[in-house]
Protein chains: 2
Amino acid sequence: MQLPQIQRRKSRAVRVGNVTLGGGAPVSVQSMTSTVTADAQATLAQVRALTSAGVDLVRLAVPTRADTAALERIVGESPVPIIADVHFQAERALEAIAAGAAKIRLNPGNIQDRDQVRRVIDAAGEAHVAIRVGVNEGSVVERRDTARRQADLAKPLDDLMVEKLAEYLQTFQDAGFEDLVLSAKSHDALTCVSVNRKIAQRWDYPLHLGVTHAGTAQTGSIRSAAAVGTLLVEGIGDTIRISYAGDPLPEVAAGLELLYSLRLRPRVGAELVACPTCGRAMGDVAAMAEAVRCALADLAEPITVAVMGCVVNGPGEAANADLAVCAGDGKVVLYVRGKPLRSVPIDQAVQAVVEEARKLVGR
Amino acid sequence: MQLPQIQRRKSRAVRVGNVTLGGGAPVSVQSMTSTVTADAQATLAQVRALTSAGVDLVRLAVPTRADTAALERIVGESPVPIIADVHFQAERALEAIAAGAAKIRLNPGNIQDRDQVRRVIDAAGEAHVAIRVGVNEGSVVERRDTARRQADLAKPLDDLMVEKLAEYLQTFQDAGFEDLVLSAKSHDALTCVSVNRKIAQRWDYPLHLGVTHAGTAQTGSIRSAAAVGTLLVEGIGDTIRISYAGDPLPEVAAGLELLYSLRLRPRVGAELVACPTCGRAMGDVAAMAEAVRCALADLAEPITVAVMGCVVNGPGEAANADLAVCAGDGKVVLYVRGKPLRSVPIDQAVQAVVEEARKLVGR
């Protein structure tokens, strides 16, 4: 059956190590380490864990000289390109570029001296290092001049952010620097959507999407998927970070899941489809689905396995799965690509599904 | 600061007990019990638990006569309107209407006899009971006629679903029945978005949104928030169900969180904003945020509390929170509505934040 497809916005291609952002390249997933970067060993361990989870790019905070000093080893040993997150001190950006970072994230709002920003631009240009220019809702309202502050507060937040980004970009455009990635983040999901739509209209640089301070995984997943998902559906966004407070690993799983669910990236491994359990369910659907998911966690082959608790949605929806199991009356019926295969007692269902799934992918 | 707002689609109002769907009424959250409905006591216990979690409407499966027999007691004691989910047997719908269900969910695709559907419509009309007419991706492809099946498979899935819905609606329109809610669900997020956009263009009945077989809470939250969130941002949707395999309680939390995050419903209680922890963080931000969240779980007053690990985003973003705490150098600074209040040692931070939050809301 023909399914709708996302028409992606045309953006220019920017290279970040061996990963391309924009220009039709797949949307990439990034995350950020929570280790102290100066501890190269701990940081590399986390970078490797994030890579195993499927991350494409990893960002590190480099607030001190000790952090940038550790960067050369981290960059050398990291399996994915490393991005240095710089605030306040342009020196850190220069050191990170010298250490081989593939991209610098800069918020020009907290580096007041334009000459310093210009030095970073020149160094990045020479080293072919990309720069993400970011604007956050926290950095757009004038803090010192009361009159300007009042004027700012009267404006729509998204317009204020676009205006501030344009002001930041002027320095880069004056220098003829084009390897830019833009971002505009807010805690407010609708502001994220709105400001990125406006940016996508105005510039053709690749866009980095994310919601700031989304919260913990439980609530943050909803806010982030709503905002980032809405933009991706509209074709906007070239790299994403789902950000949670705490351990960064669940961020990667969430980012990948978002891309899978919008068919922006082919799923790796088994996809478990489980019916929403209701009073009709003949077995413990969630437990069965979870048991199958765990038993097939080692598969890299894309395969859809549906676990259905009854005959209402079961057979119809099973037609779209590679393998399906529908419970009913003490037994389950296995379907392969919509065709009934055999029935087995319900207590052997998990084993039977796992066996058939492995047969289908040939291992 | 001015924030973007969702412009909701104009839909006609349909009453479901004391809850209105459409016509500008707030988007409502529904869920579905996983108990056997015939067990009225267990079902009522779950309905009450869902109500405590904030659900507006609860749906029950009624596959047998024993289930509809339990409905009268359940409807009588439930704190929220009850919806009966009917498949295959029109008798169940008639019994559910007689038992006082506020709404019937019907998939006319599995009740072939139009006269039976017509009897349900007449009974619902007399009792002022609303009917949700649903179409699922599993029910749109012709199963018996091979030639028609081939023709169906060549069409876009979303168009096929709209066509099938129009065919279902004909029976209702012929009967002059207007208390309708429409739904079109798919496992595929983009199909959900696309089919609902088309339905919203064509009819003005309120829409029920959801993704079928979204999976367990961990992955299902992403898929559901992306699809349902995209539609809500576009103003489409009058009632939502986030559906997970297993326990329905997390569905309600997820549905509410989605409405809160899009400002479609004012948040009840404290909202914790936590920075995405990175190498700059001076304390365990996630643990601190979680401790504060738990200590304030009893508050009903809306209050935003931000927990920030460093000075980069902290003070700026703190300006938008009612109460904020920014860590730095062994101590934390408390801010009330953007103004610094006092600093306390980091190990007293949680206690201090909780005290100040209770002061702000007056208890």
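The values are calculated or read from the model by the stated rules, or taken from the named source; none is laboratory data. It should be emphasised that the depicted structure is a prediction, and the values quoted were computed from it without experimental measurement. In this analysis, Cβ positions are derived from the backbone assuming ideal geometry, glycine residues included, and neighbour counts consider all displayed protein chains. We work out accessible area using only protein heavy atoms, side chains counted, and drop any ligands, DNA or RNA first. Shrake-Rupley method; radii C 1.70, N 1.55, O 1.52, S 1.80 Å.
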Item to check | Label spacing, shortest first and in nm, from A:Gly330 to its equivalents in the remaining copies (7 angstrom along Cα→Cβ) | outcome: 7.2
Next on the checklist: Counting heavy atoms of the protein chains only and a 1.4 Å probe, report the per residue accessible area for the protein assembly as shown as a whole number of Å².
Outcome noted: 37
Checklist entry - Principal axis lengths of the range B:160-231 from Cα atoms, whole Å, largest first? => result 43, 18, 18
Checklist outcome for this item: The relative contact order of chain B, taking Cα pairs under 8 Å that sit 6 or more residues apart, comes to a percentage of 13
Item to check | Set of lysines with alpha-carbon distance to A:Lys339 below 26 Å, sequence-local pairs under 8 removed | outcome: A:Lys331, A:Lys359, B:Lys155, B:Lys164, B:Lys185
Checklist outcome for this item: Rounded to the nearest 100 Å², the accessible area hidden between B and A, summed over both chains at a 1.4 Å probe radius, is 6600
Next on the checklist: Please give the charge dipole size of the range A:1-113, origin at the Cα centre, charges +1 on K and R Cβ atoms and -1 on D and E Cβ atoms. Round to the nearest 20 debye.
Outcome noted: 600
Checklist entry - Looking at the square roots a ≥ b ≥ c of the eigenvalues of the Cα gyration tensor of chain A, which shape do they give, rounded for a/c under 1.5, prolate if a/b is larger than b/c, or oblate? => result prolate
Checklist outcome for this item: For B:Lys198, counting only aspartates and glutamates whose alpha-carbon sits under 12 Å away and dropping same-chain residues fewer than eight positions off, the answer is B:Asp158, B:Asp159, B:Glu163
Item to check | Threshold 20 Å², the range A:155-182 residues less accessible with all protein chains present than alone (1.4 Å probe) | outcome: A:Pro156, A:Leu157
Item to check | Cα gyration tensor category, rounded, prolate or oblate, for the range A:181-309 with a/c compared to 1.5 | outcome: prolate
Checklist entry - Roughly how many debye, to the nearest 20, is the charge dipole of chain B about its Cα centre, given +1 on each Lys and Arg Cβ, -1 on each Asp and Glu Cβ, and no other charges? => result 620
Checklist entry - Can you list, shortest first in nanometers, how far B:Gly24 lies from the same residue in the other copies, with each label 7 Å from Cα toward Cβ? => result 4.9
Checklist entry - Of A:Thr191, B:Ile199, B:Ile131, which is farthest along the charge dipole of the protein assembly as shown in the positive direction, counting Lys and Arg as +1 and Asp and Glu as -1 at C-beta? => result B:Ile199
Checklist entry - If you look at just the Cα atoms of the range A:1-157, how large are its Rg and its Dmax in Å? => result 17.9, 60
Item to check | Of A:Gly24, A:Gly255, A:Gly338, the one that fluctuates the most in a GNM where chain A has Cα springs shorter than 10 Å | outcome: A:Gly338
Checklist entry - Which semi-axis lengths, in whole Å and largest first, follow from the square roots of five times the eigenvalues of the Cα gyration tensor of the protein assembly as shown? => result 47, 29, 24
Checklist outcome for this item: For the protein assembly as shown, the dipole about the Cα centre with charges only on Cβ (Lys and Arg +1, Asp and Glu -1), to the nearest 20 debye, works out at 840
Item to check | Structure-based [θ]222 nm, the protein assembly as shown - -39500 (n - 2.57) summed over DSSP H runs of at least 4, per residue, nearest 500 | outcome: -13000 deg cm²/dmol
Next on the checklist: Order B:105-117, A:237-249 from most to least packed using the mean count of other Cβ atoms within 10 Å.
Outcome noted: A:237-249, B:105-117
Checklist entry - Put simply, what bits of the range A:3-21 lose 50 Å² or more of accessible area when the other protein chains are there, versus the chain on its own (1.4 Å probe)? => result A:Pro4
Checklist outcome for this item: Quick calc: nm separation of the 7 Å Cα→Cβ label points for A:Gln5 and B:Glu167 -> 2.8
Next on the checklist: Let me check I've understood the local charge: for A:Val332, count other residues with C-beta under 14 angstrom from its C-beta, Lys and Arg +1, Asp and Glu -1. What total comes out?
Outcome noted: -3
Checklist entry - Peptide A:40-49: average number of partner chain Cβ atoms within 10 Å per residue? => result 0
Checklist entry - For the protein assembly as shown, which whole-number percentage of the solvent-accessible area (1.4 Å probe, protein heavy atoms only) is attributable to carbon and sulfur atoms? => result 50
Checklist outcome for this item: Counting other chain Cβ atoms within 10 Å of each Cβ in A:206-219 and taking the mean gives 5
Item to check | Rounded to 5, the percent of DSSP beta bridges in the protein assembly as shown classed as antiparallel | outcome: 30
Item to check | Within 10 Å of each Cβ in B:252-262, the average number of Cβ atoms from other chains | outcome: 5
Checklist outcome for this item: In chain A the DSSP beta bridges are antiparallel at a rate, in percent to nearest 5, of 30
Item to check | Residue-span extension gain [A:Ala147 to A:Val344] - 0.36 nm each, minus C-alpha spacing | outcome: 63.4 nm
Next on the checklist: Less than 13 Å apart at the alpha-carbon level, and either on another chain or at least 8 residues along: which aspartates and glutamates does that give for A:Lys10?
Outcome noted: A:Asp204, A:Glu234, A:Asp238
